[in-house]
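First up is the structure itself, then whatever we jot down about it.
The values are calculated or read from the model by the stated rules, or taken from the named source; none is laboratory data. In this text the structure is predicted, and so the values were computed from the model without any measurement. So basically every Cβ, Gly included, is an ideal-geometry build from the backbone, and we count neighbours across all protein chains shown. For the accessible areas, the whole protein counts, side chains as well, though only heavy atoms, and no ligand, DNA or RNA atoms are used. Shrake-Rupley method; radii C 1.70, N 1.55, O 1.52, S 1.80 Å.
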Amino acid sequence: MKGFMGSRALRVTVLPKRLLVGYDGSKESEKALDYAVDLAKASGGTLVVQHVLSIGPEAYEGGVVDLAGIETALGKMLDAAAERARTAGVSATKVLSRGDVAATILREAEQRGADLIVVGGLGKGRMARLFLGSVADKLVRAAPVPVLVVR
């Protein structure tokens with residue numbers, strides 16, 4: 001490999017130590033979790049598995065939605081995801097939050113000092129993103145740290 005240092009190029013690999021993965025139990029988020037676990041294991045890092053519940057307050061304040069039941073089910077889903085990471089030898093914690101998905105993930109990443117945010121991508125076309133928006137797109141545009149979108 002010849003570059004500015006000639007044939008003795010210095011190869012530096014920086015692996016993230018604090019990873020946050022957005023997780024919703026979908027096939028795409030399963031892939032993101034697996035990738036994040038592999039990265040955390042390779043770096044000796046830690047993993048935060050986060051799910052953001054994005055339901056308007058009017059739905060659960062009016063009793064339309066059984067929020068406690070939903071949070072219980074989501075907690076079990078996150079427990080299983082964190083346990084998967086631990087089984088692979090990675091220290092993992094779970095976080096269940098409420099709010100706008102992208103903004104809440106960004107806030108959690110900042111509070112925890114995450115080096116990398118990992119999310120699954122749906123692979124939607126450009127027009128779908130234009131009209132619907134995408135959590136991954138919002139994260140990539142706004143995050144102060146690298147965002148890995150796993151397909």
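In region 67-114, which residues are of a type in the set (Val, Ile, Thr) and not in a strand (DSSP E or B)? Steps first, answer last, please.
Of the residues in region 67-114, the ones of a type in the set (Val, Ile, Thr) are 70, 72, 87, 90, 93, 95, 101, 104-105.
Once the filter is applied, which keeps residues that are of a type in the set (Val, Ile, Thr) and not in a strand (DSSP E or B), region 67-114 yields 70, 72, 87, 90, 101, 104, 105.
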Restricting to region 55-79, what's the tally of residues that are surrounded by 14 or more Cβ atoms within 10 Å (Cβ to Cβ) and under 17 Å from the mean Cα position of the chain (by Cα)?
3
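Yes or no: residue 103 at pLDDT 95 or above, open to solvent by less than 50 Å² (accessible area, probe 1.4 Å) and not basic (Lys, Arg)?
Working: at pLDDT 95 or above: yes; open to solvent by less than 50 Å² (accessible area, probe 1.4 Å): yes; not basic (Lys, Arg): yes.
Judged against the criteria, residue 103 is a match.
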Which condition from (1) buried (at least 21 other Cβ atoms within 10 Å of the Cβ); (2) modelled with pLDDT under 90; (3) not polar (S, T, N, Q) is the one that residue 52 breaks?
(2)
